[in-house]
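For reference, the structure discussed in these notes is given below.
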Amino acid sequence: MTIYCDESGGLNAGAMTFAAVMLSPQVAADIHARFRSVTGLRGELKGSRISLVERAYLLELFDRAGGRAWVAMARRDTIGGKPGGAVPSDLSVYAALLNLAVGRWLPETGGVCTDVVIDDGRYDPVILGKVREEIQAGLGAWGRASLAESHRSDGVQIADVIANSLFNIAAGSPRAHRIQRIIEPMLASKAIRVAELKDFG
């Protein structure tokens with residue numbers, strides 16, 4: 001199995017989320033292909049660009065295919081620092097969320113070789129390379145950590161939609177209530193689980 005990773009938001013927007021989605025590459029490709037064939041989507045699949053109905057359909061495909069995800073979440077009002085203090089950088093929060101989300105998966109892999117694929121689009125490649133090395137050290141001989149361009153990875157694009165869904169809820173966006181209704185069954189069944197980053201720094 002493969003863990004596909006992507007993030008959404010930032011502390012300046014009220015919250016940051018990081019999704020670590022477990023799917024086989026073939027299942028990720030099948031979900032993505034079916035979604036495109038039904039919706040006619042052109043270009044990259046991103047949670048910030050699709051309608052509520054399209055989001056619901058993608059998440060239904062994900063759930064029906066047996067997809068699972070851990071989503072790590074940081075809220076600005078929880079980790080934003082002490083009054084008058086500095087707000088943590090998005091990069092430091094990103095790294096902490098990545099470690100939290102992937103870390104929740106590793107004990108559940110049962111020793112099965114696991115690859116971790118991380119979106120390379122947000123930060124400098126050198127910085128992301130160091131993050132990848134840290135994840136690789138945690139995986140040891142059980143798997144391989146790599147960076148991928150999101151538009152070339154089916155699984156990373158699915159992870160983007162899941163991260164964006166939880167970001168909308170955490171940040172209280174105008175669409176938060178509808179997205180909460182869409183995702184509630186998956187939260188209840190634990191197909192999607194949330195871990196909140198509270199202790200930071």
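Only the coordinates and a few stated rules stand behind these numbers; no lab work does. Keep in mind that this is a model prediction, so the values were computed, not measured. With ideal geometry, Cβ positions are generated from the backbone for all residues, glycine too; neighbour counts draw on all protein chains shown.
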Problem set entry | Dimensionless Rg/Rh of the range 2-196 - Kirkwood Rh, Rg from C-alpha atoms | 0.95
Seminar exercise, completed: Calculated from DSSP helices alone, with each H run of at least 4 adding -39500 (n - 2.57) and the total divided by the residues of the chain, [θ]222 nm to the nearest 500 comes to -15000 deg cm²/dmol
Problem set entry | Packing-based exposure ordering (other Cβ within 10 Å, fewest first) of Met16, Met186, Met1 | Met1, Met186, Met16
For this session: List, in order, the whole-Hz ³J(HN,Hα) value for each residue of the range 6-19 obtained from phi through the Karplus relation with A = 6.51, B = -1.76, C = 1.60 and θ = phi - 60°; use x for Gly and Pro.
Result: 7, 10, 8, x, x, 4, 5, 9, x, 6, 10, 10, 9, 9
Exercise. HN-Hα J couplings of the range 150-165 from phi, Karplus 6.51/-1.76/1.60, θ = phi - 60°, integer Hz, Gly and Pro as x?
Worked result: 4, 5, 9, 10, 4, x, 5, 5, 5, 4, 4, 5, 5, 4, 5, 4
Seminar exercise, completed: Note, the range 93-98: 3J(HN,Hα) by Karplus (6.51, -1.76, 1.60, θ = phi - 60°), whole Hz, Gly/Pro = x, goes 5, 4, 4, 5, 5, 4
Exercise. Treating the beta-carbon of each Lys and Arg as +1 and of each Asp and Glu as -1, no other charges, what is the dipole magnitude of the range 2-196 about its Cα centre, to the nearest 20 debye?
Worked result: 460
Exercise. Using a cut-off of 15 Å between alpha-carbon atoms, which aspartates and glutamates can reach Lys46, once sequence neighbours fewer than 8 places away in the same chain are excluded?
Worked result: Asp6, Glu7, Glu54, Asp119, Asp120, Glu149, Asp154, Asp160
Seminar exercise, completed: Counting sequence-distant residues (5 or more places) and residues on other chains, those with an amide H built under 5 Å from that of Ile192 are Ala69, Leu187
Seminar exercise, completed: Any residue on another chain or 5+ positions along whose placed amide H is under 5 Å from the amide H of Val116 is listed here as Ile3, Arg144, Ala145, Ser146
Exercise. When the chain is treated as a GNM, springs tying every alpha-carbon pair under 10 Å, which of Ala74, Ala145, Ala86 comes out with the largest mean-square fluctuation?
Worked result: Ala86
For this session: Taking H placed 1.01 Å from N in the peptide plane, check which residues at least 5 places from Ala15 or on another chain put their amide H under 5 Å from its amide H.
Result: Gly10, Arg76
Exercise. Which listed residue (Ala145, His32, Gly129) has the Cα farthest towards the positive end of the charge dipole for the chain, taking +1 on Lys and Arg C-beta and -1 on Asp and Glu C-beta about the Cα centre?
Worked result: His32
